[in-house]
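K.L.:
Let me begin by handing over the structure; questions about it come next.
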Amino acid sequence: AVVSTQSTGCQVPFIMMEKIAALKSSEIPEKFPIFKMHLSFIEKGWSEKDGNVTTATYRSSAGHIFSAITHLNEKKEVSRTDFHIDDEASLKEIDDFLDETLSENTVANLAWIYSINLQPRYFDYVLEGIVKRIGPNYPENPDRFDHYMFIAPTSKPEELTVPQGYILGPLLEDHAKAIAPQWAKDIDFLDVSGQHLVPIVVGNIKRRPCFGIFTESDPNTPIAWSCFYSGGAIGMLHVKEGHRGKGLGRILVRHCLKVIQDTHGMECRSHACCQKFNAASRNLLFSEGWELQPVNYKKLYFRTPGQS
């Protein structure tokens, strides 16, 4: 716990941050949909296992609740942290929480690429505090990797039927080698072969439902696909040229959203990070009723220089 002092004629120590039982998704207000969805993924077994994901929750002396979900990569390095910060918390409480979650030992064990999800009331202050603690590890500006953040609608989508000649079905691990190179191009990954991304795609397919659309003439090769990431996002959406303009992307988005709602409940809302230059995906999400989030709701990436 973080210990501070207060003056009442003499110095009396008191606990500023007390570690308590980890929050459950049902305890997270719906105004924090990303953190709520992330916890539901963990509870339903849709996230990594074997100790690679931990959740820590703290209560301040003022009764405010803070929580952090931490992901480790295969090297047991910290690759991601999602933060839940009480809107009524003071700046001092926020500092104490960041000291607890981004300790010297944690910062020393950060991976070459580290991502965070933020939705605090004092976004700029929290981001400044994070950069102050981890900045020496990541001199590049995290805004370079900024996205638009969309939250799924609360209504149940009407499922669409795939056009004649196409089949909607689950992705298999063998499909990862074909998907990874295209994903590398879509996200401007320096290694265009996509070989470094294959384990991530395989992990998504193994741990969570992922879907593809195939042609009847070649039911073993996906021509469109979408996956769920471990934190509750829908991503990797792609439709190959020659098959666009037929509503296949819309079919995948609606099907993924239905699966989320059926498994995690209507109160758990998925999200999607859309690169700002990707007008096609942005327009699709808008037309499906997904809500563009304000500036204080972002996913940010930090990475060491020279890494792809």
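K.L.:
Rounded to the nearest 10 Å², what accessible area does I134 show when all protein chains are kept and the probe is 1.4 Å?
P.N.:
0 Å²
K.L.:
At R244 and T54, where each label point lies 7 Å from the Cα along Cα→Cβ, what is the point-to-point distance in nanometres?
P.N.:
It is 4.5 nm.
K.L.:
Out of the GluC sites (Glu not before Pro) in region 126-181, which ones are loop residues according to DSSP with at most 15 other C-beta atoms within 10 Å?
P.N.:
Qualifying residues, ordered by number: E140, E158, E159.
K.L.:
If the convex hull of the alpha-carbon atoms of region 139-254 is projected onto planes in all directions, what is the mean projected area in square nanometres?
P.N.:
8.6 nm²
K.L.:
Hey, could you grab the Kirkwood Rh for region 162-219? Inverse mean 1/r over distinct alpha carbon pairs, Å, one decimal.
P.N.:
12.2 Å
K.L.:
Counting other C-beta atoms within 10 Å, and keeping those with at most 10, which DSSP coil GluC sites (Glu not before Pro) do you find in region 204-308?
P.N.:
Answer by residue number: E216, E241.
K.L.:
Still on this structure, I have one more. Could you please put V131, V192 in sequence from largest to smallest accessible area, using a 1.4 Å probe?
P.N.:
V192, V131
K.L.:
Please list, or write none, the lysines whose alpha carbon is within less than 24 Å of the alpha carbon of K92, excluding same-chain residues fewer than 8 places away.
P.N.:
K19, K31, K132, K298, K299
K.L.:
In addition: May I ask you to give the solvent-accessible area per residue for the chain, in square angstrom, as obtained with a 1.4 angstrom probe?
P.N.:
Normalised by residue count, the accessible surface of the chain is 48 Å².
K.L.:
Using a 1.4 angstrom probe on the protein heavy atoms only, line up S40, S281 by accessible area, largest first.
P.N.:
Sorted by accessible area, descending: S281, S40.
K.L.:
Percent of Cα-Cα pairs per 5 Å bin, from 0 to the last occupied bin, for region 23-89, please list those.
P.N.:
For region 23-89, the binned pair fractions read 4, 16, 28, 24, 15, 9, 4, 0 percent.
K.L.:
How high is the relative contact order of region 227-308? Use alpha-carbon pairs under 8 Å, at least six apart in sequence, and give a whole percent.
P.N.:
Averaging sequence separation for qualifying contacts and normalising by length gives 23 percent for region 227-308.
K.L.:
If each residue of separation counts as 0.36 nm, what is the full-extension length gain between S217 and D124 once their alpha-carbon separation is subtracted?
P.N.:
Computed gain between S217 and D124 is 28.2 nm.
K.L.:
K240: which lysines have alpha carbons under 26 Å from its alpha carbon, excluding same-chain residues fewer than 8 sequence positions away?
P.N.:
K177, K185, K206, K258, K276
K.L.:
Given the DSSP H assignment, sum -39500 (n - 2.57) over each helix run of at least 4 residues in the chain and divide by its residue total; what's the result at 222 nm in deg cm²/dmol, nearest 500?
P.N.:
-8500 deg cm²/dmol
K.L.:
What angle, in degrees between 0 and 90 and rounded to the nearest 10, separates the Cα long axis of helix 33-43 from the longest principal axis of the Cα atoms of the chain?
P.N.:
The angle comes out near 80 degrees.
K.L.:
Nearest 20 debye, what's the magnitude of the dipole of the chain about its Cα centre given +1 on Lys and Arg Cβ and -1 on Asp and Glu Cβ?
P.N.:
That gives a dipole near 560 debye.
K.L.:
I'd like the per residue volume of the convex hull spanned by the Cα atoms of the chain, given in cubic angstrom.
P.N.:
Spelled out: Cα convex hull of the chain, divided by residues, is 132 Å³.
K.L.:
Could you check how much of the accessible area of region 191-308 is carbon and sulfur, as a whole percent, using a 1.4 Å probe?
P.N.:
Heavy-atom surface of region 191-308 belonging to carbon and sulfur, 1.4 Å probe: 52 percent.
K.L.:
For the Cα atoms of the chain, what angle does the longest principal axis make with the long axis of helix 91-101, in degrees from 0 to 90, nearest 10?
P.N.:
70 degrees
K.L.:
What's the FRET efficiency of V192 with L160 using the Cβ-Cβ distance as r and R₀ = 45 Å, to the nearest 0.05?
P.N.:
0.85
K.L.:
Relative to 2.2 N^0.38 Å, what does the C-alpha radius of gyration of region 215-308 come to as a ratio? Two decimals please.
P.N.:
1.23
K.L.:
How many percent of the alpha carbon pairs in region 16-135 exceed a separation of 16 Å?
P.N.:
For region 16-135, the fraction of Cα-Cα distances above 16 Å is 59 percent.
The values are calculated or read from the model by the stated rules, or taken from the named source; none is laboratory data. Bear in mind the structure is a predicted one, so any value in this text is a computation, not a measurement. So basically every Cβ, Gly included, is an ideal-geometry build from the backbone, and we count neighbours across all protein chains shown. Surface accessibility is based on the protein's heavy atoms, side chains included, excluding ligands, DNA and RNA. Shrake-Rupley method; radii C 1.70, N 1.55, O 1.52, S 1.80 Å.
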